[in-house]
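Notes follow once the structure below has been shown.
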Amino acid sequence: MADRQKPQISQRKSPQQARSNDLLTAVLQAAAQVLAQEGAQRFTTARVAERAGVSVGSLYQYFPNKAAILFRLQSEEWRQTAALLSAILRDTRTPPLRRLRRLTHAFVRSECEEAAMRIALADAAPLYRDAPEADEVRADSRAAFADFIREALPKADDALRATAGELIVTTLSQGGKAFSESPRTAQEIEVFAEAMSDMFCAYLRSLARR
């Protein structure tokens with residue numbers, strides 16, 4: 001069976017002048033508003049162009065389709081989150097378990113603060129999640145976490161480290177997602193993140209003693 005054709009999600013060109021950069025910024029701001037208000041199912045290039053006050057033709061100068069716009073929004077979110085988490089993970093002046101606790105708190109807060117946009121982007125993910133560009137954007141955070149696990153478990157073999165890393169990342173991602181789907185107070189976020197941190201730290205301590 002032939003592979004299903006994947007949509008082009010790369011941006012067509014980058015703005016070279018201030019006016020072009022302003023247009024791109026307006027399109028992305030409008031796209032975020034349309035996505036938040038209309039949801040992924042009603043998200044169209046025409047709605048984005050109308051909200052941005054530009055022609056569809058102008059929009060198509062930068063984005064070939066709606067999947068490319070949505071991927072740009074998603075990749076920006078990934079990059080911001082990855083930069084935050086990578087900075088924490090690579091702060092070698094701080095002990096590993098303390099870093100893991102900081103990372104967990106930062107991630108859970110981020111998930112709750114960006115819940116509405118994240119949920120809408122999750123609905124749109126089938127449009128772009130299997131594209132090579134998506135893996136490229138996430139590669140740095142995966143590398144940072146792999147480095148962290150090697151430091152936290154210096155005597156463990158690669159198989160055990162891989163299992164530990166996958167378990168923590170999956171639990172953090174899915175747990176944070178489920179928790180953030182309902183409105184949360186600052187105290188609730190703190191309590192949840194602290195409990196999850198305790199669980200992760202206890203798990204790594206048990207592995208280090210093996």
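Just one of the listed residues (LEU84, LEU97, LEU103, LEU89) is at pLDDT 90 or above, over 14 Å from LYS177 (Cβ atoms), surrounded by fewer than 18 Cβ atoms within 10 Å (Cβ to Cβ) and in contact with a helix residue (DSSP H, G or I) (Cβ under 8 Å, 6 or more places away or on another chain), namely LEU97. Here is a check on your reading of the model: is SER197 polar (S, T, N, Q), under 20 Å from PHE107 (Cβ atoms) and touching a Leu at 6+ places or on another chain (Cβ under 9 Å)? Considered against the rule, which asks whether it is polar (S, T, N, Q), under 20 Å from PHE107 (Cβ atoms) and touching a Leu at 6+ places or on another chain (Cβ under 9 Å), SER197 comes out as yes.
Selection of first residues in segment 102-119 that are over 20 Å from ASP198 (Cβ atoms) and of second residues that are β-branched (Val, Ile, Thr), restricted to Cβ pairs under 9 Å at least 6 apart or on distinct chains, gives the following pairs, ordered by first then second residue: GLU114/THR81. When residues in segment 170-185 are screened for being among the hydroxyl-bearing types (Ser, Thr, Tyr) and either surrounded by 14 or more Cβ atoms within 10 Å (Cβ to Cβ) or more than 22 Å from ALA146 (Cβ to Cβ) (or both), 4 of them pass.
Taking segment 106-124 as the range and being open to solvent by 50 Å² or more (accessible area, probe 1.4 Å) and closer than 23 Å to GLY165 by Cα as the test, only ARG109 passes. Summed over segment 185-197, residues that are under 20 Å from the mean Cα position of the chain (by Cα) and more than 21 Å from THR170 (Cα to Cα) total 0.
Taking the numbered list (1) more than 24 Å from GLU114 (Cβ to Cβ); (2) open to solvent by less than 30 Å² (accessible area, probe 1.4 Å); (3) not aromatic (Phe, Trp, Tyr) in turn, ALA159 passes all entries but (2).
For the residues GLU194, GLU188, GLU181, GLU151, the requirement of being among the charged types (D, E, K, R) and touching a Pro at 6+ places or on another chain (Cβ under 7 Å) singles out GLU151. When the residues of segment 56-81 are narrowed to those that are within 12 Å of the chain's Cα centre (by Cα) and of a type in the set (S, T, N, Q), which ends up most open to solvent (accessible area, probe 1.4 Å)? If we take residues in segment 56-81 being within 12 Å of the chain's Cα centre (by Cα) and of a type in the set (S, T, N, Q), then GLN80 is most open to solvent (accessible area, probe 1.4 Å).
The values are calculated or read from the model by the stated rules, or taken from the named source; none is laboratory data. For clarity, every value in this text was computed on a predicted model and none was experimentally measured. Neighbour counts run over all protein chains shown; Cβ positions are idealised from the backbone, glycine included. Keep in mind that these areas ignore ligands, DNA and RNA; they rest on the heavy atoms of the full protein, side chains included. Shrake-Rupley method; radii C 1.70, N 1.55, O 1.52, S 1.80 Å.
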